[in-house]
Structures are given as structure tokens and as C-alpha cells.
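All remarks here apply to the structure that follows.
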Amino acid sequence: MNERDALIYVVDDDAAMRDSLSFLLDAAGWRSRAFATAQEFFDAYQRDVPGCLVLDVMMPLMGGLEVQRILRAQAICLPVIFLTAHGDLPMAVQAMKRGAIDFLEKPCKDHVLLDAVGRAVRYSIQQCLSRTSIEAAQGRLASLTQREREVAELLAAGDGNKTIARKLSISDKTVQVHRHHAMEKLGVHSTAEIARLILLANATLPQGQGGGADTLA
């Protein structure tokens, strides 16, 4: 996954502005898609593709701040860059508190917008990679039986075979069998690796790249 895999969404009700932004982004080597309304954007959003959203504030039907609210409510981790001719300080503060990457005024210099897009995309890729790593660790642990998972967690906590056998009321030999199967399924070779895998699996998923955006209510 790299920056050129990213998709830059543009939502602006001004057709001339959409065309201008699309031309700028395409010329800079970014893939982009432009929409006149928030609904069109939500209908087209691809959850597993990194990118960012260049978003106007004042639009009919649904404004940019409401779009940002919905993104947060649905845990969609798509970095937002506001680009508007109608912004003020309280509005900018609100947008930034909600996690916007930047709040830019029209007309905006090309390099300023492109710099913001680059920052947003790099952040999006980091979030996608983190989520992929966490989900992969969770998937590996899910392959274990309940008893294998119990043994693995006790090994990760630093318990030896005899202690585990006593805690689980099973024999040392049975512990060894479960330990072998667990390590084989997890693809690890040490208890330290098991501990790292469990820590990763228990990490908090990045907010977003999850769930579709079918419902706007």
C-alpha cells in the first residue's frame, strides 16, 4: 500500500471548483473523484481504499460540518480537508476539534492544498495498515480452540507449563500438546511472540475504515 493507491474525494456544489480541483489533483498524480453532493460521495465511498476528502463547508442539503459529523458517527476514518469561501474562526475551530487535517480558504494556493492532501493520505495509510495488522492478529488468535487460547494467554502472562496445568486442572502433557498446537497455528516460536501477538490483537482498532456509509441518519 502506497500513496498512489489513495483516492482523493472532492465534494463541492460548485461545478467549476470541482473541475479545477480534479484537474489539479490529477495533474499532481493523485486519483480523484468529484461529487456535487454529500449523498453522492457516501454512495461511492470505498472503505478499504486509503485517501482523503476535500470538502466544501456551505452546500445545499448537507453541509461539510454535517458530513464530518456523520463520518465520525459511523467510525469512517477518512481524513478531511475543508476548503471553503464561507469559513470563520469558530467554524474552523469546530472542524479541527473534530479531527480535520486542515481548514483552507478559497482561493487556496495549489501547493498548500497539495501539501495538505499529502499529509492526509499518509495518515490514512498509517490507519489502514494499523487496522490490517490488528485484524490479522485477531484472525490468527481466532483459529485457536478455547483451550489453546487459554494456554496461549497464560504463556503470554509468563506462566510455565506446570503452573498452567495447575490453573487449568489439566496434565503437564496436555499443556504441552495445546502449547505446540497454539504456537503452530499462530506461526510463532516463542512465548514472547505470543505475548506480542495478543497485545496487538487487543489493541484498539483505528476509528474508521469500518462499516459502510449507507445510512446518513
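What to note about this one:
- Of all lysines in the structure, those lying under 24 Å Cα to Cα from residue 185, and not within fewer than 8 positions of it along the same chain, are 162, 167, 173.
- Near residue 104, the amide H atoms lying under 5 Å from its own belong to 82, 83, 84; only residues 5 or more places off or on other chains count, and H is placed 1.01 Å from N.
- Neighbours of residue 63, meaning other residues whose beta-carbon lies under 11 angstrom from its beta-carbon, give a summed charge of -2 when Lys and Arg score +1 and Asp and Glu score -1.
- Set of aspartates and glutamates near residue 97 by C-alpha distance (under 16 Å), chain-local residues within fewer than 8 positions excluded: 66, 88
- Put a plus charge on the Cβ of each Lys and Arg, a minus charge on the Cβ of each Asp and Glu, and nothing anywhere else: the dipole of the stretch 1-155 about its Cα centre is then about 480 debye.
- Put the Cα centre of the stretch 114-176 next to the Cα centre of the stretch 1-62 and the gap is 37 Å.
- 10 Å-binned pair-distance histogram of the stretch 111-176 (Cα, whole percent): 19, 28, 18, 14, 12, 7, 2
- Evaluated with a Cβ-only charge set (Lys, Arg +1; Asp, Glu -1), the stretch 62-138 carries a dipole of roughly 160 debye about its Cα centre, given to the nearest 20.
- Each listed q (0.20, 0.22 Å⁻¹) maps to a log10 I(q)/I(0) for the stretch 1-93 from the Debye sum over equal C-alpha point scatterers, namely -0.98, -1.17.
- In the chain, a dipole from Cβ-located charges (positive for Lys and Arg, negative for Asp and Glu) runs towards its positive end, and of 100, 129, 27 it is 129 whose Cα lies farthest in that direction.
- Rounded to the nearest angstrom and listed largest first, the equivalent-ellipsoid semi-axes of the stretch 76-217 from its Cα gyration tensor are 49, 14, 12.
- Dividing the summed -39500 (n - 2.57) terms of all DSSP H runs of n ≥ 4 by the residue count of the chain sets its mean residue ellipticity at 222 nm at -17000 deg cm²/dmol.
- Computed E for residue 93/residue 169 - FRET, C-beta separation, R0 45 angstrom, nearest 0.05: 0.15
- Selection from 160, 145, 17 lying farthest towards where the dipole of the chain points positive, charges on Cβ: 160
- Per residue Cα convex hull volume in Å³ - calculated over the stretch 12-153: 132
Readers should treat all values here as calculations from the given coordinates under stated rules, not as data from a laboratory. Bear in mind that the values here come from a model prediction, so they are computed numbers and not experimental data. Virtual Cβ from ideal backbone geometry, glycine too; neighbours counted across all protein chains shown.
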